[in-house]
1. Could you give me D for chain B, from Stokes-Einstein at 4 °C and 1.567 mPa s, where the hydrodynamic radius is the Kirkwood radius over C-alpha pairs? Units µm² s⁻¹, please.
2. When N counts the residues of segment B:55-211, how does its alpha-carbon radius of gyration compare numerically with 2.2 N^0.38 Å, as a ratio?
3. Normalised by the residues of segment B:131-289, what does the relative contact order come to in percent, with Cα pairs under 8 Å and at least six apart?
4. Helix-only mean residue ellipticity at 222 nm, chain B, DSSP H runs n ≥ 4 weighted -39,500 (n - 2.57), per residue, nearest 500. What is it?
5. Partner chain Cβ atoms within 10 Å, averaged over the residues of A:99-108 - can you pull that number for me?
6. For chain B, find the longest principal axis of its Cα atoms and tell me its angle to the long axis of helix B:240-260, 0 to 90°, nearest 10.
7. Can you report the principal axis dimensions of segment A:135-238 using only the alpha carbons, biggest first, rounded to whole angstrom?
8. Spelling out what I want: for every residue of segment A:66-74, take phi, set θ = phi - 60°, compute 6.51 cos²θ - 1.76 cosθ + 1.60 (Karplus), and round to whole Hz; glycine and proline get x.
Amino acid sequence: MASEALLEVRDLHAYYGQSHILQGIDLRLGREPLAVLGRNGMGKTTLCLALTGLLPSVRGSVRFAGQELVGLAPHRIAALGIGYVPQGRRIFPSLTVEEHLRLVPRRRVTGAEPWTPDRVYALFPRLAERRRQPAGTLSGGEQQMLAIARALLTNPRLLIMDEPSEGLAPVIVEQLVATLRHLAEVGIAILLVEQRLAVATAVAQRIAVMVGGRIALETTAERLLADRELQQRALGVSAWRAA
Amino acid sequence: MSWPQFVTVTLNGLTLAALYFVVAIGFTLIFGVLRVVNLAHGSFYLLGGYVGWTVADRTGSWVLGAVAALVAAALGGLLLELGLLRRIHGQDLREALVTIGVSIVAADLMLAQWGGFTYDFSPPDAITGGVRLPLLGIGYPKYRLFVLAFALALGLALWLLLARTRLGIVVRAAIDDRDMVAAVGIDVQRLFALMFAVGAGLAGLAGVVGGSVLSISSGEDARYLLASLIVVIVGGMGSLPGTAVAALLVALVEQYSLALFPTYAAIVSFLLMVVVLVVRPQGLFGRPA
């Protein structure tokens, strides 16, 4: 934790109109993946929207690689190296797979090997097969691959993923977990927002639990998995059962 | 209806459809990408017509007038977007009120500048006069056929742009989900400004092209705003093929009903719109909201 943080969130507040959704979030993220766990309605998606600049009414501080993000337009934040895989995937139904990859302006990177359409196709051979297909006709798992591919092409240093496992079959979720681990190994920092304990703990060692717009506790995957009572308290019965 | 009359009415419908398409396509592009219902769209038609006429009158070149109309209306659109609408994006009611307000102010300013006169254009000789149509056996104004060809060429060019170029991909993606376009690193505000300039510019160009069919005078702004609204509601907001099909439908229905029962012609277009709204509220080619 003493090492230089890639992402440092301090006292972040966010609002939808009059409702105060995020009520002072503090988070630090280095190279290690971090999972934010929480039930529905705890503000997880709002956190993602606030970090990516898609929610304008935000107060507090978000520093990414030394740069303040609060107040920046979404495209500026993306250009700094934050990739976003949103809840529900939100691929563009009227574009083909190939057009999704052509759309993304590619950020120049130094050091790391850059992501190209070919490298993305190598990671997801299924997408290569479906290159010319309209994205709206892909299966849920394929759409998830495409949403990840789209984010990877921006050459992100940090990938923010909002409930990527939602609505996917168990076998597809396993592949997804393997993909995320692979991405972490090649040096992409991952902020995974999840409802499912099993997915979160399979990807990240560090777990932050979100309750009512705040980070209620930070713990490790082992400790959370071993402590049923803690799971109950933090996540409620549904998440315990999903584990 | 006799055969020559039927052919003439049909051709009139087709050329009117061409004009409606050129005006409405800018309206639908602006709505598709920005989600702004630009109620000042007709003002850009009229502005283009007046500026085009003035430039054509001074220089003696109709083509130069058309270019000036395009540029003037595009600049006007840019000014409206950057100066006013950018501050209130996402607030539908305010956007509607601001664009209505702008259209009223613009109408008065143009009345002050150009007066209540009717202005006639003189297109180049190559596209004026009449021509005897083979097979159909009737004579028809060359200029109206030019309008038809112009709209077809414009539609094809726009379709190629949307289908083949990266800009086209960005525009289609933005019609699907603007926020995700921003999240991959594209400056959507710049895209909005560009779409507004293009949409308004096309309306301005239509002011010259359409004004040359009959003439241009105050009041035309409201007429073409209304036509654009009906066309995009019937066709589906933000859809290029929808706009083309709806322009055809609306213009043909209008011309046939004018020929068959002139007294009630005015309400038939609205009837068409009402039927579409009842049967398919998102428009013929629109996606459900």
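1. Details: Rh = 19.4 Å.
Roughly 67 µm²/s, to the nearest whole number.
2. Working: Rg = 19.4 Å, N = 157, 2.2 N^0.38 = 15.0 Å.
Its radius of gyration relative to the 2.2 N^0.38 Å reference: 1.29.
3. On the way: 107 pairs, mean separation 25.8, N = 159.
It rounds to 16 percent for segment B:131-289.
4. Numbers: 11 runs with 212 residues, N = 289.
One gets -25000 deg cm²/dmol as the mean residue ellipticity at 222 nm.
5. Numbers: counts 7, 3, 1, 4, 11, 6, 6, 2, 1, 0.
Mean shielding count: 4.
6. In chain B, helix B:240-260 runs at an angle near 40 degrees to the longest axis.
7. In descending order, the Cα extents are 42, 28, 25 Å.
8. x, 10, 6, 9, 4, x, 7, 6, x
A short reminder: the numbers here are calculations on the coordinates, not readings from a lab. These figures come from a predicted structure and were not determined experimentally. Glycine gets a Cβ as well: all are built from the backbone with ideal geometry, and neighbour counts include every protein chain shown.
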